[in-house]
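Step one of this worksheet: look at the structure below.
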Amino acid sequence: MDKKQTRTSPLKLRWSAVDTMIVLLVILAVAGIVVRIIYAANEEKGVAQQAVYEVYFEVAEAHEDTLAEIRGFDAIYLYDNGMKLGHMGVYEDEAMGGYRPALTVTPAEGATGAHRVTAKGCMICTNGSLTDGGLLVEGSGRYLTPGSVLQVRTDRVCMTIRITEIRPHS
């Protein structure tokens, strides 16, 4: 046999490091898709199981123009650290059409300035736990109780509220 001739099989496979990398990338891509599907399914279950609470509050002697800037579904944050407490509650106004913020404004008694009003409103909080008549709001580390006073803000308004009642959302 000639030295230059070598025996080669027609079915001989050649495997390299590049082939190994391609197989590993395909396996990782499939695993990533499976993890996303499982995460999305668990996330949907978690949203359905979240406890929702209505936190009723009062704003004493504020300017009517300030309160007019509050919109339904506005996010409500703690003024101090910016942690989200919840969002402004709404009600459906059939006469005007659409949703309105759950905020009732009345003229303030004995107000020191013109256009001063008192308001009662409702904030919706999720991801909290109700214990001993108070609500511990997850993420904010704040324990809300009836009678407590907080400085809060939305994207347009800063105000001081006094919590009057907390109850599970029905």
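Observations on the model:
- Against the numbered list (1) surrounded by 17 or more Cβ atoms within 10 Å (Cβ to Cβ); (2) within 21 Å of residue 169 (Cα to Cα); (3) at pLDDT below 80; (4) not polar (S, T, N, Q), residue 138 comes up short only at (1).
Condition check ((1) over 16 Å from the mean Cα position of the chain (by Cα); (2) without any contact (Cβ under 8 Å) to a residue 60 or more places away in the chain; (3) not in a strand (DSSP E or B)) across all residues:
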| position | (1), (2), (3) |
| --- | --- |
| 118 | yes, no, no |
| 122 | yes, no, no |
| 136 | no, yes, no |
| 140 | no, no, yes |
| 143 | yes, yes, no |
| 156 | yes, no, yes |
| 162 | yes, no, no |
| 166 | yes, no, no |
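- Residue check, residue 143 closer than 17 Å to residue 84 by Cα, in the same structural domain as residue 80 (by TED's automatic domain parsing) and among the aromatic types (Phe, Trp, Tyr): yes
- Lone qualifier among 95, 108 - being farther than 22 Å from residue 52 by Cβ and either without any contact (Cβ under 8 Å) to a residue 40 or more places away in the chain or within 21 Å of the chain's Cα centre (by Cα) (or both): 95
- Each residue in segment 45-73 was checked for being over 17 Å from residue 128 (Cβ atoms), modelled with pLDDT of 90 or more and surrounded by 19 or more Cβ atoms within 10 Å (Cβ to Cβ), and 1 pass.
The values are calculated or read from the model by the stated rules, or taken from the named source; none is laboratory data. Computed from a predicted structure; not experimentally measured. Here Cβ is always computed from backbone atoms with ideal geometry, including for glycine, and neighbour counts include all displayed protein chains.
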